[in-house]
Structure formats: structure tokens, C-alpha cells
Amino acid sequence: MSGSLVSQIMSIPANVRESRLREQEAAATNPHMMKALSENKRQGQVLAIKARWVSLAVIAVLIPFISPSWGALYYEALLLAFAILGWAQLKAAQVGQSRTELFLIFLDLALLTIIGVLPNPLFDQVWPNAMQYRFENFLYFFVILAGATLAYSWRTIFAVGTWTFILWILGLLGVVFFGRTDPLLTRDIGEATSNYPLMLEAIDPNNALIGLRVQEIVVFLIVAAILALNGWRNNQLMMKQAASERERENLARYFPPNIVDDLADQDHPFDHIRLQPVAVLFADIVGFTRMAEQGNPEKVVELLRKYHQLLEAAVFDNQGTLDKFLGDGIMATFGSPVTGPRDAINAMQCAHDMVEAIDHWNEERIRKGEEAIVLSIGVHYGDVILGDIGSERRLEFATLGDTVNVAARLEELTRSLGTQVVVSNELVEANKICEAGNDNNLLENFTNAGSKILRGRDSEIGIWKMLA
């Protein structure tokens, strides 16, 4: 049992290092983590400095009443030094380990240790060094510890406790072995309290009361460890919150912002397979293979990024879901994962906005002497299967079914029909229902192109094409 406890204690440094590495790795890969750490650090540091200055001001007012003599100036000067150290710590504060910041914290503790074990040089009386402990200055270490909980990580809080323990023990040993003593005082007080040996031990000015000193530093170390544990726990909660923000951001890459909040509030938004009506849109660049083969790789990637950016904006602006990028193409859905009364009209509006966005971009490209982009879009409306597919190692929320295949074939059909957008009759009918009472009639831009047999299908499907 004891061996296991010792082993656990010995493993603490390694666990601390491992925890630091995990946090650093998480912060490096998650911008929300770094932002949360930075904001927490900065806000905590500012709050700690304000608390420090208020505390120092209160103590500065209190000192003349505790020590109504010129010797109080010594303590007032020390308070000013602590105020300056606090300001320096605020300037040196940063996320992660800062040697300057740690050194300033150490100076805080070292200065307070000196105050606790060495007499005031401005006092006229010369007394044994052990007498200094009678003023109970150790209590002020708790003020520094409390401030540390506002501004620093749990590791730094634990370091404050450890450093205080070491400094206080060194100070005690210095007083016991090298401090000034006055044996005559002990003799005189001993004669006066000869019948009360415990009283002599309690009031002997040469007695540093080692047991009491050890007790107070051990209690301080325990409190520091508890506060460090609480700081670690809060840090874990902050990391989880930052991870949640990252997950929300990942959702925002696929779903419009208004849907992201709804999905984030649901415990299991994708945990069941369902069949529901959805508008599916496919968009592609005509002749992209030739452009990629003949173009500079950097220029091709730059073109795709701008192209995807424009199409993505059109999808999200119309409450659509960006299902996937397909090289130079995209697949978007409207009514996934949650259906709405305007899914069909949103899909039609998205197609219109995409064409308009590419037209504006082409004007810019032509002015620069670059080749214009020819966009092709196919949209169909019907039932699809929604659910998670894949393995336990990697899942993907998928949209499946004949509706998806038809939308892809309609996009291919644009080339033979000489138009940029082809939509199904099912989408048009659903659009008419959506547009009932709506003045914005997108169907004015389309004409009935009859019925066609699409590749891979036996039955015809009614189609509409966008007017040039």
C-alpha cells in the first residue's frame, strides 16, 4: 500500500509534463483553445493585479495602526515594491511557460519570506530573529496564493505552494542556525516562568516554534494543492468548452449558421436513419479538366478556392447544407438535416445566386485577361435517405437515393441543352407551392424543356432549363 502511494507521488512530475504536452498540442491544433487560454490568462491577470493593488492599499492603510512608528515606512516601501512586481507580471504575462513571469512570481515569494523572517531594520530595538515570527507575517502568503488562482495555471499555483514551502523552510533553518539570539532573555523569562515550562516555550523570544512553523507551511502547501487541483479541473472544463466551439465551427462548414445552433443543442442529431423530401443541387465547372491540365497548379488551386468560396456563400445564404466538395464540383442539399417550408425555393434561389456570383467573377477575370468560368447546375427534389455511413473509425452523414443521382444527371444535361441550370419538374412543382403568395417568382427565368431520359434511368423525367 505504502509502495503504491510512493509510486503515485513519484509519478506526479511526469504526469504534470504529460498534461502540459497534451494542452500544448490541443492549443496548437485548435485556435479556439489558444483564444480561450489567452483570454482567460489576460482577464485573470488583470483581475489579479486589481485585487493585488486593492489589497496592498488596504494593508498600507492598516500598517500605521499596527505599527505606529517610523518603522512603518519600511513596510510601506515594501508594499510599493509588491505593487511594481504585480505590474511587471502583468506585462510579462503570456500563455504557456514564461521564465520572466515565473522569476517575478519567485521574487514575490522571496521578498515576502525576507519580511517574515528578518526584523525591520528601521526599528530601534534589536531582538532575536526568532522574535519576528511573533508578528504572524506568514498569513500574507495566502494573499499571493489567492491572487495566483485568478491569473495563473494550476501548475503555477502548485509551483507557488512548492516555492513557498522551500523558501519558508530555508528561512526557518537560517533563523535556527544562524539567527541572532539573546540567551539572557531566555534566562530571565525562564526564571519568571519556572513553574510554567509550556509558557516559557510559548513566549521565549529565542524560540522559533519550529513545530508551529512547519504546521503553517504544510497547511499552506495543502491549500495550494487543493487550489491547483481546482485550477486543473477548471482548465479541463475550458478545454472541453473550446473543443465544443471547434465542433460547432466544424458544423458551420457544412450547415448554415442558423442550423448549427439547433444541431449543437441536440444530443443526437444524426443518430437515426430517415426518409424525407430534400432538394439536391450539383454544381460543376464545364471544361475544368482541360483548365487543370493546361494551367499552373498554384493558379488552379487559387481558382478552386475562390470558386468554392462563392458557391459556399450562395448555399449558406439560402439555408442550404454543403454536403461535400467534388473536386471542381459541389453537392448541396436543402431540407437536410431538417426540412423546412422553403426548401425548394431556397434551392432555386441558390442556383440563381450561384450563376449571378460566377457572372460577376467572370467580369473580373476577363478584365485580368483570364478565361471565363462556365458553370453548370442541376437540381432535383424528392425523397432521400439520411443517415450515418462508414465504420466506427470514421463516420459520414450521407444523403442517399435516386434523388441524388437524378440531380447529378441533370447537371450533366446542361451541356447538351446549352444552359447553365437544369431543374426537375418535381422541383418546379414544389417551388410553386413554396412561392404561393410570394412576389419573387424565380420560375420566370426558366422554360419547360419537355421530358428526357437520363443516363442510368428507364423512365423519362420532366425538366426545365434556365433561359440564357
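Just a few scattered comments:
- Applying the condition of being charged (D, E, K, R), modelled with pLDDT under 85 and under 20 Å from ILE345 (Cβ atoms) to segment 432-467 and asking which residue is farthest from the chain's Cα centre (by Cα) yields GLU444.
- Test: residue in segment 305-323 that is surrounded by 13 or more Cβ atoms within 10 Å (Cβ to Cβ) and without any contact (Cβ under 8 Å) to a residue 24 or more places away in the chain: yes
- Among the residues here, ALA224 does not qualify as small (Gly, Ala, Ser), assigned by TED's automatic domain parsing to the domain that holds PRO128 and either modelled with pLDDT under 80 or farther than 30 Å from THR156 by Cα (or both).
- Going through (1) polar (S, T, N, Q); (2) over 30 Å from GLY462 (Cα atoms); (3) crowded, with 19+ Cβ neighbours inside 10 Å one by one, SER376 falls short only on (2).
- Test set (1) in contact (Cβ under 8 Å) with a residue 40 or more places away in the chain; (2) over 27 Å from THR156 (Cα atoms) - ARG213 fails condition number: (2)
- Pairs meeting the criteria (first residue in segment 275-297 and in the same structural domain as THR321 (by TED's automatic domain parsing) and exposed (fewer than 14 other Cβ atoms within 10 Å of the Cβ), second residue in a strand (DSSP E or B) and of a type in the set (A, V, I, L, M), beta carbons under 8 Å, at least 6 apart or on different chains) are LEU275/VAL384; LEU275/ILE385; LEU275/LEU386.
- Pairs where the first residue, in segment 65-92, is under 18 Å from VAL143 (Cβ atoms) and the second is basic (Lys, Arg), C-beta under 8 Å, 6+ apart: PHE82/ARG52; ALA83/ARG52; GLY86/ARG52
- Taking segment 201-238 as the range and being of a type in the set (Asp, Glu) and under 16 Å from TRP168 (Cβ atoms) as the test, only GLU216 passes.
The values are calculated or read from the model by the stated rules, or taken from the named source; none is laboratory data. Not measured: the values here are computed from a predicted model. Cβ: placed from backbone, ideal geometry, glycine included. Neighbour counts: every protein chain shown.
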